[in-house]
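Working notes, structure below.
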Ligand code: PEP
Ligand code: MN
């Protein structure tokens, strides 16, 4: 249930409404917007008469939310969420770019790529130190050594770090090195991991599961919001379909659909969505045009010898050219990149 308070509702009235909701047994989440305060009341019981809330002083409107996600919904929070991390904002008019290798492979490699990320004007360095690989024989990541290398490279070039956390017992360690947790597609419905991440104040980027509906994906974001972490970013990274010519099918329409239903920012990852280098620039351009709040792009200076996802990594030069094209597209929709 969403309770919208009147613009002129006094502190006293708001307190009173909250007290009533608590007495009715609801868990309350407050969204204090510029114009008005909105309360999300979780735990509505079947048969609860919402008029009991409607008649309280200071209440402008009350309605049940039919979608299963509440805190992630636009009804609960009308203004878009802007996730702020140091001097970087995701969700506003500036499109952020997270770029870097699939995996951190060596200090030399991550420093080389961090320099390219910096040169491109992007502010966030990506790279995996704990890798979810389909085969147990594939490179699994450098672990803490990789985190150290990435943090050092990011600090050298004044960049933020985003890296994947695969399991609960890695949270504490990764928190020491990262600015954003990446929750991988394969873990989107790892509910115990979601619950633990919800207790952190480090932003979490939730990648869409391999065959997750948009609603299931939003519910994963809801888990993190419900636990108290308001810094949630979503990432469309392609879904599995019957089409073999691409690694995944990039669901571009998910961007406007999510923006319509949720206040959370959406990142597009054309690298994992297509799996092939030549398809990445067109889809990156399309994602910016479709309103993506940020992009995640894999790059590598020597993709032939990359330890993971080489075929989808852009060469530094291609990436830099793409960035200047994206600036033009962003300008057309009154954004910057
Ligand atoms: C990655 O970003 O390298 C990755 C493994 O992504 P996903 O979880 O989307 O497959
Ligand atoms: Mn990858």
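The values are calculated or read from the model by the stated rules, or taken from the named source; none is laboratory data. Computed from a prediction, not measured in an experiment: that's the story for all the values here. Virtual Cβ from ideal backbone geometry, glycine too; neighbours counted across all protein chains shown.
Can you tell me how many residues within region 94-129 are part of a loop (DSSP other than H, G, I, E, B) and either within 16 Å of the chain's Cα centre (by Cα) or buried (at least 24 other Cβ atoms within 10 Å of the Cβ) (or both)? So that I can check it myself, show each step before the final result.
Of the residues in region 94-129, the ones part of a loop (DSSP other than H, G, I, E, B) are 95, 101-102, 104-106, 121-123, 127, 129.
Pick out the ones that are also either within 16 Å of the chain's Cα centre (by Cα) or buried (at least 24 other Cβ atoms within 10 Å of the Cβ) (or both) and you get 95, 101-102, 104, 122-123, 127, 129.
Number satisfying all stated conditions: 8.
In region 272-300, which residues are within 16 Å of ligand 2 (Cβ to nearest atom) and touching a residue at least 60 places away in the same chain (Cβ under 8 Å)?
If we filter region 272-300 for residues that are within 16 Å of ligand 2 (Cβ to nearest atom), which is where we start, we get 272-277, 279-280, 283-284, 295-300.
Within region 272-300, 272, 295, 296, 297, 298, 299, 300 qualify.
Taking the stated definitions as given, is residue 239 over 27 Å from residue 275 (Cβ atoms) and surrounded by 15 or more Cβ atoms within 10 Å (Cβ to Cβ)?
No, not satisfied.
Is it fair to say residue 135 is more than 23 Å from residue 314 (Cα to Cα), more than 18 Å from the chain's Cα centre (by Cα), more than 13 Å from ligand 1 (Cβ to nearest atom) and assigned by TED's automatic domain parsing to the domain that holds residue 269?
Numbers: more than 23 Å from residue 314 (Cα to Cα): yes; more than 18 Å from the chain's Cα centre (by Cα): yes; more than 13 Å from ligand 1 (Cβ to nearest atom): yes; assigned by TED's automatic domain parsing to the domain that holds residue 269: yes.
The answer is yes for residue 135.
Could you list all residues from region 280-309 that are closer than 21 Å to residue 245 by Cβ, within 12 Å of ligand 1 (Cβ to nearest atom) and not in a loop (DSSP other than H, G, I, E, B)?
Residues satisfying the conditions are 297, 298.
Quick one: is residue 141 part of a loop (DSSP other than H, G, I, E, B), away from ligand 1 (no atom under 16 Å from the Cβ) and either surrounded by 20 or more Cβ atoms within 10 Å (Cβ to Cβ) or in the same structural domain as residue 288 (by TED's automatic domain parsing) (or both)?
no
Across region 168-210, which residue is farthest from ligand 1 (Cβ to nearest atom) among those that are within 26 Å of residue 250 (Cα to Cα) and in a loop (DSSP other than H, G, I, E, B)?
Step by step, filter region 168-210, then rank; the result is 203.
Of the residues that make up region 211-221, is at least one outside any helix (DSSP H, G or I), within 12 Å of ligand 1 (Cβ to nearest atom) and exposed (fewer than 15 other Cβ atoms within 10 Å of the Cβ)?
Looking for residues that are outside any helix (DSSP H, G or I), within 12 Å of ligand 1 (Cβ to nearest atom) and exposed (fewer than 15 other Cβ atoms within 10 Å of the Cβ), one finds none in region 211-221, hence no.
Among the residues of region 301-311, are any in contact (Cβ under 8 Å) with a residue 12 or more places away in the chain, under 30 Å from residue 75 (Cα atoms) and surrounded by 19 or more Cβ atoms within 10 Å (Cβ to Cβ)?
Looking for residues that are in contact (Cβ under 8 Å) with a residue 12 or more places away in the chain, under 30 Å from residue 75 (Cα atoms) and surrounded by 19 or more Cβ atoms within 10 Å (Cβ to Cβ), one finds none in region 301-311, hence no.
Of everything in region 75-112 that's under 27 Å from residue 26 (Cβ atoms) and out of contact with any strand residue (DSSP E or B) (no Cβ under 6 Å at 6 or more places or on another chain), which residue is modelled with the lowest pLDDT?
78
In a helix (DSSP H, G or I), in the same structural domain as residue 290 (by TED's automatic domain parsing) and within 16 Å of ligand 2 (Cβ to nearest atom): is that true of residue 247 in this structure?
Values: in a helix (DSSP H, G or I): no; in the same structural domain as residue 290 (by TED's automatic domain parsing): yes; within 16 Å of ligand 2 (Cβ to nearest atom): yes.
No.
Kindly provide the set of residues from region 1-43 that are in a loop (DSSP other than H, G, I, E, B) and within 25 Å of residue 231 (Cα to Cα), ordered by number. Spell out how you get there, then give the answer.
So in region 1-43, the residues in a loop (DSSP other than H, G, I, E, B) come out as 1, 6-10, 24-26, 33-36, 43.
Listed by number, the residues that qualify are 1, 26, 33, 34, 35, 36, 43.
I'd like the residue in region 305-321 that is away from ligand 2 (no atom under 16 Å from the Cβ) and over 11 Å from residue 277 (Cβ atoms) and, out of all such residues, is farthest from the chain's Cα centre (by Cα).
Only one residue tops the list, namely 317.
Just a yes or no: is a residue in region 78-85 assigned to a strand (DSSP E or B), touching a residue at least 12 places away in the same chain (Cβ under 8 Å) and buried (at least 16 other Cβ atoms within 10 Å of the Cβ)?
Scanning region 78-85, I find at least one residue that is assigned to a strand (DSSP E or B), touching a residue at least 12 places away in the same chain (Cβ under 8 Å) and buried (at least 16 other Cβ atoms within 10 Å of the Cβ), so the answer is yes.
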